[in-house]
Each structure stands twice: as C-alpha cells, then as structure tokens.
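As structure tokens, the structure follows; a few thoughts come after it.
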Amino acid sequence: SNVQANLLYTKEHEWVEKLSDTLVRIGITDFAQDQLGDIVFVELPKVGAAVTAHESIGSVESVKTVSDIFCPVTGKVTAVNSTLEASPELVNSASFGEGWMVEVEISGPEALEGLLSAAEYGSYIGND
C-alpha cells in the first residue's frame, strides 16, 4: 500500500494533510480504499458542521460493505469534496489526491497530537 511521508495517519485508516497551522485536509488511505474495493457512494458532512475526533463524519459505501469515516481531529468543516458525489471512484483511483474528503479548521497544532507518522502507520498495516 502507498503511504505518503508528508501525511499523518489514524489506526482507522484516515490520512491528515496539514495545510496550515489551523487547516487540515482529510481522506482515507490507499490501504483502506484497497480493502473496501470499488467505492460507489461517499456520504460527507455539511460545510460548517462541528466534528469531534474519533467520531463518524460520514461513510464510504463499496460494492462489498459500508464503512464509517472517522474524523481524526476536532474542529469545524470548512470544505467538502463535492466532486465525490458524482465520482466516488476517485477515492479508489486517487485516495491521496482528488479523492480527498473534507477540510477541517482545527484549534491549532495540538489537535494533531496522537496521530501516527507515515513510518508508524506503515508498520501498523504491515508495510515494513
């Protein structure tokens, strides 16, 4: 599985990209999309929604299963990737790029404490 060095990760297989000190972009990992199979529907929160770390903010539906998306951080949704409504398969083809899911405004860098580094996540999924 592809693990990108510049991102942070969760054990629930979400990635977090720090866009600024108070803004992060979130998606699911290459490992997660591979496990799910062909993604046919993505449900995301509304812009302005308050989100809490470790709580569900939506779901990803594949031909095999439906899986919750857990928010890695607490904050407020500032952007949602609406392209996924018409093209949920982008999560499969570009999970780290065009398949991103939400952007969340966080209180500051301390909101990222406890997330896994790329090396830690790689070990977690057996990617050594």
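Just so it is clear, none of the values below were taken in a lab; they were calculated from the coordinates. These numbers come from a predicted model, not from an experiment. Neighbour counts run over all protein chains shown; Cβ positions are idealised from the backbone, glycine included.
Points to keep in mind about this one:
- Here the sum of -39500 (n - 2.57) over DSSP H runs of 4 or more residues, divided by the residues of the chain, equals -3500 deg cm²/dmol at 222 nm, to the nearest 500.
- Applying a DSSP loop filter and a limit of 16 other Cβ atoms within 10 Å to the GluC sites (Glu not before Pro) in the range 33-92 leaves GLU55, GLU89.
- Over the range 12-76, the pair-distance histogram of Cα-Cα distances with 5 Å bins from zero comes to 4, 17, 27, 26, 15, 9, 2, 0 percent, rounded to whole numbers.
- For the range 23-82, trypsin sites (Lys or Arg not before Pro) are listed when DSSP marks them as loop and at most 13 other Cβ atoms sit within 10 Å of their Cβ; the list is LYS46, LYS64.
- Global form of the chain, assessed from the alpha-carbon gyration tensor, a/c cut-off 1.5: oblate
- Each label point was placed 7 Å from the Cα along the Cα-to-Cβ direction; for VAL63 and LYS18 their separation is 4.0 nm.
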